[in-house]
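Take a look at the structure below.
Rule-based calculations on the coordinates, nothing more; no lab input. All figures in this text were calculated on a predicted structure; none of them were measured in a lab. A quick note on method: Cβ atoms are made from the backbone with ideal geometry, for glycine too, and the neighbour counts reach across all protein chains shown.
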Amino acid sequence: MLIHCHGDPQVIVRRYRERAERGERHPGHHDLQLVDAVSEAIGSGAYEPLNLSVPTLRVDTTVPATLATLDTPGTRPDDHPYAPSFADILAFIQDIAPQS
């Protein structure tokens, strides 16, 4: 199976830049110097899912939080919901994965 995470390119690049500015990754990754290259690669489709003959689920990780998702216990306003939902992603995995 393939789970491909994607989203609004502007949101992805903004998050990438913010993480780089906070220094969350080792400086050897050179994230701040690569922001423009990452932005260009996302815009060119370089990160599209591989063309494999396997069940594939595309997950948008940039959907905005709504009042409905914020009503879920333990959810914070800065949490990032998924589309499809996390429960639907788990169901996809469980439907595909061999049962033991």
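Assuming 0.36 nm per residue, please report the length gained on full extension of the stretch Arg17 to Gln33 beyond their Cα-Cα distance.
Values: separation 16, 0.36 × 16 = 5.76 nm, distance 0.98 nm.
Taking 0.36 nm per residue and subtracting the Cα distance, the gain is 4.8 nm.
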### Query
Hey, rough spin-label estimate for Thr56 and Arg25, points 7 angstrom out along Cα→Cβ, what's it come to in nanometres?
2.4 nm
